[in-house]
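What follows is calculated from the coordinates using simple rules that are stated; it is not laboratory data. Being a predicted model, the structure only gives us computed values, none of them experimental. Reconstructed Cβ throughout: ideal geometry from the backbone, glycine too, with neighbour counts over all protein chains shown.
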Amino acid sequence: MKPFRLASREYRKEDSIVIIPATEESVSIGEGYCTIIAGPCAVENADQYIDLACTLKSVGVHILRGGLFKPRTSPYSFKGLGIEGLEIMEEAKKKTGLPIITEIMDIRELDFMYNTVDILQIGSRNMQNFSLLEEIGKVDKPILLKRGLSATIEEWLLAAEYVLNGGNTNLILCERGIRTFEPYTRNTVDIGAIPLIKELSHLPIIVDPSHATGKWKMVGPVSRAAIAAGADGIMVEVHPEPDRALSDGKQSLTPENYKKLYSETIALAKLGNKKLK
Ligand code: PEP
Ligand code: MN
């Protein structure tokens, strides 16, 4: 038996599929599906977010992202709109009928997120926040667990084990690049992690090419590489005016660039006989 027992392939031979309920059409995430999550790094204001959500919906997107509580390296950077931003996401959700994902940094945020948020994201910096993982394990809500900044595959799967061990089996992994000696990119994307996770675990795995590269021009090619390597989807950052974004503008696609990425990714998914919902 592997140290990550419940997350292991030995424990569960079939691929796990996580179903995200939605007002219009539920979204399935896992083997056989290709899920696209998109939205800005952070919710910045109502008009901008709702406009963008409607554009993304018209192009095609399965789940809307948006950061409300941003883990920022500097305490002086924009840290998100918090609860005020949640109301904006709620409105976008009502308008589009799409499910929403946002990062939970502290279990105390659950009280107000629970009724609105469809997927709770555990960020890279919190992958080994074991008390948060234990609490999240008790919640009946899908979880997206990002790989830690310098986490090995085993550490990541052991973090997943914390959530599964608490009873929450609606768990999706997200490869978002790891820190290496290479300074040209924000992180180094580990494409090999995808087939490895598929071999070691039954859990769905998606890739975040935005944080993995830090460069918007790399987001398209890395998205295609991820799908070709067997990822169950991608999560990308989109901003109407990347140059003016309050966070992560350099890695954000314009809606126009997103359109291109969407059609290329979907074409590849169809080649692999993947379903889109
Ligand atoms: C994010 O997706 O908003 C984020 C902060 O990513 P990460 O935790 O991977 O750095
Ligand atoms: Mn970001």
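Compute log10 of I(q)/I(0) for the stretch 66-147 with the Debye formula, placing one identical point scatterer on every Cα and leaving out solvent, at q = 0.16, 0.18, 0.27 Å⁻¹, to two decimals.
Log-scaled intensity ratios, in q order: -0.59, -0.75, -1.44.
Dividing the convex hull volume of the Cα atoms of the stretch 57-96 by its residue count, what figure in Å³ per residue is obtained?
Once divided by residue count, the hull of the stretch 57-96 is 81 Å³.
Taking the Cβ of residue 22 as the centre, find all other residues whose Cβ is under 15 Å away and add up their charges (Lys, Arg: +1; Asp, Glu: -1).
Net charge in that neighbourhood comes out at +3.
When all C-alpha to C-alpha distances in the stretch 120-182 are sorted into bins of 10 Å, what percent of pairs does each bin hold, rounded to whole numbers?
26, 57, 14, 3
Tally Lys and Arg at +1 and Asp and Glu at -1 over the other residues with C-beta under 9 Å from the C-beta of residue 206: what net charge comes out?
Details: positive: none; negative: 175, 208, 232.
Its environment carries a net charge of -3.
Quick check: convex hull of the Cα atoms in the stretch 89-222, volume per residue, rounded to a whole Å³? Before the final figure, lay out the partial values.
Details: hull volume 15.9 nm³, N = 134.
About 119 Å³ per residue, rounded to a whole number.
Once every DSSP H run of n ≥ 4 in the chain is given -39500 (n - 2.57) and the sum is divided by its residues, what mean residue ellipticity at 222 nm do you get, rounded to the nearest 500 deg cm²/dmol? Can you show the working numbers first?
Details: 9 runs with 95 residues, N = 277.
The helix-only estimate for the chain comes to -10000 deg cm²/dmol at 222 nm.
Cα extents of the stretch 18-269 along the three principal axes, largest first, in whole Å?
Computed over the stretch 18-269, the largest-to-smallest principal extents equal 41, 40, 38 Å.
Between 183, 209, 99, which gets the highest mean-square fluctuation from a Gaussian network model of the chain, Cα cutoff 10 Å?
183
Expressed as a rounded percentage, what relative contact order does the stretch 18-269 have, with Cα pairs under 8 Å and six or more residues apart?
With pairs under 8 Å counted, the relative contact order is 19 percent.
Under a Cβ-Cβ cut-off of 11 Å, what is the net charge of the residues other than residue 231 that fall near it, where Lys and Arg count +1 and Asp and Glu count -1? The partial results should precede the final answer.
Details: positive: 198, 224, 274; negative: 31, 175, 208, 232.
That works out to -1.
In Å³ and rounded to a whole number, note down the convex hull volume per residue for the Cα atoms of the stretch 1-109.
Working: hull volume 15.7 nm³, N = 109.
Enclosed volume per residue, from the Cα hull, is 144 Å³.
Please list, or write none, the lysines whose alpha carbon is within less than 22 Å of the alpha carbon of residue 275, excluding same-chain residues fewer than 8 places away.
Within the straight-line cut-off, residue 275 pairs with 13, 57, 198, 259, 260.
Pull out a ≥ b ≥ c, the square roots of the eigenvalues of the alpha-carbon gyration tensor of the stretch 161-217, then state rounded if a/c is under 1.5, prolate if not and a/b is larger than b/c, and oblate in the remaining case.
Because a/c hits 1.5 or more and a/b exceeds b/c, the stretch 161-217 counts as prolate.
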